Amino acid sequence: MLEKLKLVYGNHIISSPTNDQQILWYQTDDGEVFGVDKTALSSRETLLLNSLLTPIDISHTQETEDEQNWYSYLFERKTLTVHHSVRVHYFKMVHHVEQRPQIKEAVTSSLEHTHLIWTSADTAMLIQTNATSENGDLNQLNDLSQAITSDFLTDSVFLLGQLQLPNEHLRTRLLNEHQLFLWLIQQGKLRSGVATFYQCLPALILSNADVLFDAISDAFKETVADREVTHTLLTYMQCNLNGSQAAKALYVHRNSLQYRIDKFIERTGLDIRHFPEASAAYFMMSLLGFHKD
């Protein structure tokens, strides 16, 4: 698409970041970021680009060096060495630009080791760089959401992302998660409060199967690639998450089954002891082609 736009707008398409307020910035489905000079666009053309592409905020104001590095890694395809698993909280809140320092203070005081990157006029990615299966706390996000509503007198939306591995697919996984978050917002599936990627999975299946496939974390994909894990999970689900029944069906001790479940939760951050997460795991295994023999 970008090459076709260049044929239409020529030199009015730019790729180098600039603080020029006359430039509108967009991200394609492939993650490419480019700008278009406002003076080259009619109002109708601007509306068309806004509907076909993802508008983003290229401004780096109020960002730390780490946040600038993450922004460049995600949206400018620069390199970044990531040593630990990552989780992103996707965030939306209608606000004025001058409120951003206060919003950032509220976020960073609640979420440790988190970098805030604005991706549009009212959306942001909160990148948690020390993510584990234990610190993806939904209650913590609920408290932050309520605090923001109280302090700024407006609703906010948070989507708790997946536990993502620090590998060569990380950028793709995060950008696809981000795209699915924007789709949920545009479709009115998320209006306020807090939800998880897994809770939203039934709605996401209706969006774009290819994008969803590429958004599923490698932590999950690598774990369910083990046939014993897949067999255990599907049996546990078929037994309605009843550990005792599943252990009998698998011919293992109840403690052995619990150990397998605990290891799955630790590796993926997905607590399948609860129905929404278990159903999400089932949907994702079906999408990935893992079925019970």
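Looking only at the stretch 243-270, which residues are open to solvent by 90 Å² or more (accessible area, probe 1.4 Å) and either of a type in the set (Asp, Glu) or not in a helix (DSSP H, G or I) (or both)? I'd like the intermediate steps shown before the answer.
Of all residues in the stretch 243-270, those open to solvent by 90 Å² or more (accessible area, probe 1.4 Å) come to 245, 248, 251, 253-255, 259, 266-267.
Correct list: Tyr251, His253, Glu266.
Among the residues of the stretch 157-194, how many are aliphatic (A, V, I, L, M) and under 8 Å from the mean Cα position of the chain (by Cα)? Steps first, answer last, please.
Step one: list which residues in the stretch 157-194 are aliphatic (A, V, I, L, M), which gives 157, 159-160, 163, 165, 170, 174-175, 180, 182, 184-185, 190, 194.
From what is left, the residues that are under 8 Å from the mean Cα position of the chain (by Cα) are 159-160, 174-175, 180.
So the count comes out to 5.
Which residues, counting only those in the stretch 76-109, are modelled with pLDDT under 90 and either under 18 Å from Gly161 (Cα atoms) or assigned to a loop (DSSP other than H, G, I, E, B) (or both)?
Matches in the stretch 76-109: Glu76, Arg77, Val94, His95, His96, Thr108.
Look through the stretch 234-293, keep the residues that are charged (D, E, K, R) and within 21 Å of the chain's Cα centre (by Cα), and return whichever of them is farthest from Ser85 (Cα to Cα).
Of the stretch 234-293, the ones charged (D, E, K, R) are 248, 254, 260, 262-263, 266-267, 271, 273, 277, 292-293.
Retained after the next criterion (residues that are within 21 Å of the chain's Cα centre (by Cα)): 266-267, 271, 277.
Values: Glu266: 12, Arg267: 10, Asp271: 17, Glu277: 20 Å.
It comes out as Glu277.
Could you tell me which residue of the stretch 110-119 is nearest to Glu65 (Cα to Cα), considering only residues that are open to solvent by 20 Å² or more (accessible area, probe 1.4 Å) and outside any helix (DSSP H, G or I)?
We begin by selecting, within the stretch 110-119, every residue open to solvent by 20 Å² or more (accessible area, probe 1.4 Å); these are 110, 112-113, 115.
Imposing the further condition that a residue be outside any helix (DSSP H, G or I) reduces the set to 112-113, 115.
On the way: Glu112: 17, His113: 14, His115: 10 Å.
Going through the qualifying residues, I end up with His115.
Could you please give the count of residues in the stretch 160-180 that are touching a residue at least 24 places away in the same chain (Cβ under 8 Å) and assigned to a loop (DSSP other than H, G, I, E, B)?
Matching residues across the stretch 160-180 total 7.
I'd like the full set of residues that are open to solvent by less than 20 Å² (accessible area, probe 1.4 Å) and touching a residue at least 24 places away in the same chain (Cβ under 8 Å), limited to the stretch 34-55. Don't jump to the end; show me each part of the working.
Kept after step one, since they are open to solvent by less than 20 Å² (accessible area, probe 1.4 Å), are these residues of the stretch 34-55: 34-36, 49, 53.
Listed by number, the residues that qualify are Phe34, Val36, Leu49, Leu53.
So that you can scan it fast, the table gives a plain yes or no per residue for (1) open to solvent by 10 Å² or more (accessible area, probe 1.4 Å); (2) under 23 Å from Ser145 (Cα atoms):
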| site | (1), (2) |
| --- | --- |
| Leu170 | no, no |
| Leu180 | no, yes |
| Arg191 | yes, yes |
| Ala203 | yes, yes |
| Phe213 | yes, no |
| Arg227 | yes, no |
| Leu241 | yes, no |
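Let me confirm something: among Ala219, Ala209, Ala225, Ala247, which residue is farther than 21 Å from Leu288 by Cα and of a type in the set (Gly, Ala, Ser)?
Working: Ala219 fails: farther than 21 Å from Leu288 by Cα; Ala209 fails: farther than 21 Å from Leu288 by Cα; Ala225 fails: farther than 21 Å from Leu288 by Cα.
Unique residue meeting the criteria: Ala247.
So which residues in the stretch 179-237 are hydroxyl-bearing (Ser, Thr, Tyr), under 26 Å from Arg260 (Cα atoms) and out of contact with any strand residue (DSSP E or B) (no Cβ under 9 Å at 6 or more places or on another chain), if there are any at all? Quick ask: steps written out before the conclusion?
Here is the first cut: in the stretch 179-237, the ones hydroxyl-bearing (Ser, Thr, Tyr) are 192, 196, 198, 207, 217, 223, 230, 232, 235-236.
This time we only want the ones that are under 26 Å from Arg260 (Cα atoms), so: 196, 198, 217, 223, 230, 232, 235-236.
Residues satisfying the conditions are Thr223, Thr230, Thr232, Thr235, Tyr236.
Quick one: in the stretch 124-161, which of the residues that are among the β-branched types (Val, Ile, Thr) and open to solvent by less than 10 Å² (accessible area, probe 1.4 Å) is nearest to Thr268 (Cα to Cα)? Full working, then the answer.
Taking the stretch 124-161 and keeping what is among the β-branched types (Val, Ile, Thr), we get 127, 129, 132, 148-149, 154, 157.
Checking which are open to solvent by less than 10 Å² (accessible area, probe 1.4 Å) leaves us with 127, 148, 157.
Working: Ile127: 17, Ile148: 29, Val157: 24 Å.
Per the criteria, the residue is Ile127.
The values are calculated or read from the model by the stated rules, or taken from the named source; none is laboratory data. No experiment lies behind these values; they were computed from the predicted model shown. Virtual Cβ from ideal backbone geometry, glycine too; neighbours counted across all protein chains shown. Heavy atoms of the whole protein, side chains included, go into the accessibility calculation; ligands, DNA and RNA do not. Shrake-Rupley method; radii C 1.70, N 1.55, O 1.52, S 1.80 Å.
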